[in-house]
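These notes are about the structure you will find just below.
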There are 2 protein chains.
Amino acid sequence: MNKIILKAQLLYGDMGKSEKKVADWLISHPGDNLPMSISELAELCESSESTIVRFARRLGFSGYAELKISVAGEQEKKVVLPTIDENDSCFEILGKICNDAYLSFERTKRTIAPENIAAAANLIAGARKTVLIGLGSSASVAQDAANKFLRAGYEAYSYGDTHMQMIATSRMKEGDVLVGVSQSGASKDIVEAMRFAKSRGISTICITGTDRSPIMKQSDIVLLTDTEETKHSSLALSSHLSRLVVIDSLCYYLVYRNEANRGDFENENQNSLKSKRVNDANE
Amino acid sequence: MNKIILKAQLLYGDMGKSEKKVADWLISHPGDNLPMSISELAELCESSESTIVRFARRLGFSGYAELKISVAGEQEKKVVLPTIDENDSCFEILGKICNDAYLSFERTKRTIAPENIAAAANLIAGARKTVLIGLGSSASVAQDAANKFLRAGYEAYSYGDTHMQMIATSRMKEGDVLVGVSQSGASKDIVEAMRFAKSRGISTICITGTDRSPIMKQSDIVLLTDTEETKHSSLALSSHLSRLVVIDSLCYYLVYRNEANRGDFENENQNSLKSKRVNDANE
DNA sequence: AGAAAAATGAAAATATTTTTCATTATGAAA
DNA sequence: TTTCATAATGAAAAATATTTTCATTTTTCT
């Protein structure tokens with residue numbers, strides 16, 4: 001885990017009384033960054049500057065400066081929980097949400113299986129038609145995905161209400177793909193539609209943030225995004241963004257995969273929207 | 001990902017000639033640890049100590065010492081320039097998109113006016129009803145916003161097709177707020193609806209990624225998000241995410257502002273959705 | 001071209017780290 | 001218990017490193 005602490009413990013026996021105090025402090029503050037200066041640390045350890053230098057040398061560093069930098073390097077990516085409180089300004093909240101999103105992306109990169117995302121992309125690429133379903137905030141993820149896939153040149157549709165979802169599912173056939181989006185992985189109607197599709201030989205993909213959730217049992221391919229629920233509230237803002245970046249990467253992959261599309265992709269869509277614009281500003 | 005290099009790239013435009021030399025060195029030595037002293041680095045960059053301190057401060061550090069430690073902390077994570085090419089795997093694309101999103105968030109924080117976002121939140125908080133409109137990918141942003149505002153306890157509705165948008169706008173009255181979402185800021189139908197609303201004394205807010213765009217003229221409050229279009233394609237993925245984090249921060253602010261709501265907010269929504277779940281998994 | 005503003009680097013001022021060295025503690029042998 | 005050799009320690013000096021200041025240069029705008 002932390003090489004420096006390990007080494008300190010290893011060499012603990014060789015140290016003098018005062019040097020041990022330095023080691024003790026370090027060992028009992030594994031997460032902390034070293035206080036700015038050697039003098040500060042000396043005071044905290046009830047020791048002296050020279051002792052700290054000796055301690056650093058014992059661990060194999062050229063001096064305190066090097067030890068300090070090395071400690072920073074060993075630091076586990078400290079998870080700064082962007083806890084929002086009632087006195088934050090709207091702008092401060094924006095900053096915290098951006099932070100939160102960034103952490104959520106990092107978690108997603110760790111959680112998602114690279115081979116599954118590739119498999120999902122290839123499945124969609126080869127499908128006759130792709131239908132995406134979700135409810136609540138997952139509905140807008142599904143809608144966003146359908147919108148992008150369509151623009152990328154693939155037949156994709158999304159449905160946000162349960163009736164349409166069932167109707168659309170019942171009209172699908174083999175060779176189609178159903179993508180179910182659900183953070184909880186437990187929305188009754190979505191799981192039901194997935195089960196129905198699967199029983200009829202339709203390929204199923206789920207995008208969910210909950211491991212071992214019901215929807216996973218009904219899915220051929222599972223895309224597991226950031227599973228860490230933020231403590232803020234049920235809005236679950238960042239995990240929502242994580243699901244979108246997964247969609248975005250599928251979409252990019254599809255664009256680049258489709259030789260025919262790639263060239264014209266940009267211009268074609270630009271032109272098809274042009275008449276909807278007040279002027280030539282680009283979307 | 002190396003946040004420091006990304007930040008250096010982000011702020012590159014603001015730098016003077018000499019500061020850019022420091023940034024260049026850093027960017028072209030992504031893996032390296034910083035040479036021991038500021039003087040050494042000054043020589044390597046053909047710059048001066050003071051310039052390096054200024055550079056460090058620009059990136060948000062207290063000085064060179066802090067930058068040096070932070071660089072050590074970032075080490076080991078390699079920089080991926082978010083340029084997607086055809087040989088990338090789906091997973092690599094995911095990483096690049098996350099990077100891109102992060103940059104986009106940073107740009108948004110710089111572009112958006114803190115006082116405007118606060119004003120927008122307060123306007124919505126005091127409104128009788130809020131209507132959100134957008135087309136294409138902006139439609140799903142609007143839908144997402146309406147969904148969240150509603151859950152936060154405010155009357156909010158979104159419409160994704162132009163007919164409904166016009167009907168809804170014509171039924172609004174003073175005391176209501178119309179929020180127009182458009183990346184280009186030039187979608188005919190949206191601008192038209194905004195103009196109509198404004199002429200009837202309805203407050204208007206726009207969320208756009210294009211400065212000096214037509215929609216801004218029809219808006220009482222302008223929320224300008226990331227204006228830098230990514231070069232990838234017209235999908236404009238990251239700017240889409242930026243608009244969402246702006247929505248999210250408005251939403252959080254509204255939740256915390258509303259004394260009455262805050263307490264029950266989480267539980268209430270949890271419960272109202274419970275019957276829709278297969279089991280007790282939390283959304 | 002000329003004035004105002006911004007950027008820059010040399011050098012002074014601080015701050016930090018390292019070294020030196022006198023003092024104190026430790027422990028083995030008498 | 002005392003003595004002496006050795007190791008450990010910390011105060012202060014010396015060496016380095018960083019930050020600030022400010023005069024000079026460069027850029028920008030008129």
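Below are the figures for this structure:
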quantity	calculated
Approximate spin-label separation B:S28-B:N87, in nm, with each point projected 7 Å along Cα-to-Cβ	2.4
Which listed pairs, of A:K148/A:K198; B:K20/B:K68; B:K20/B:K96; A:K96/B:K21; A:K148/B:K96, have C-alpha distances above 27 Å, in listed order	A:K96/B:K21
Cα→Cβ-extended label distance, 7 Å offset, between A:M36 and A:A65, nm	1.8
Residue order, fewest to most beta carbons within 10 Å, for A:L244, A:L224, B:L150	B:L150, A:L224, A:L244
Alpha-carbon centroid distance for the pair the range B:137-165 / the range B:92-115, whole angstrom	23
Three-way shape call for the range B:3-74 based on the alpha-carbon gyration tensor, with the a/c threshold at 1.5	rounded
Exposure proxy ranking, count of Cβ atoms within 10 Å, fewest first, for A:S47, B:S37, B:S213	B:S37, A:S47, B:S213
Per-copy distances of the B:D24 label point, shortest first, in nm (7 angstrom along Cα→Cβ)	5.3
Distances in nm from A:K188 to the matching label points in the other copies, shortest first (labels 7 Å along Cα to Cβ)	4.5
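Bear in mind that the values in this text are calculations on the coordinates, not laboratory data. None of these values were measured; they are calculated from a predicted model. Cβ coordinates were reconstructed from backbone atoms using ideal geometry, including for glycine residues, and neighbour counts include every protein chain displayed.
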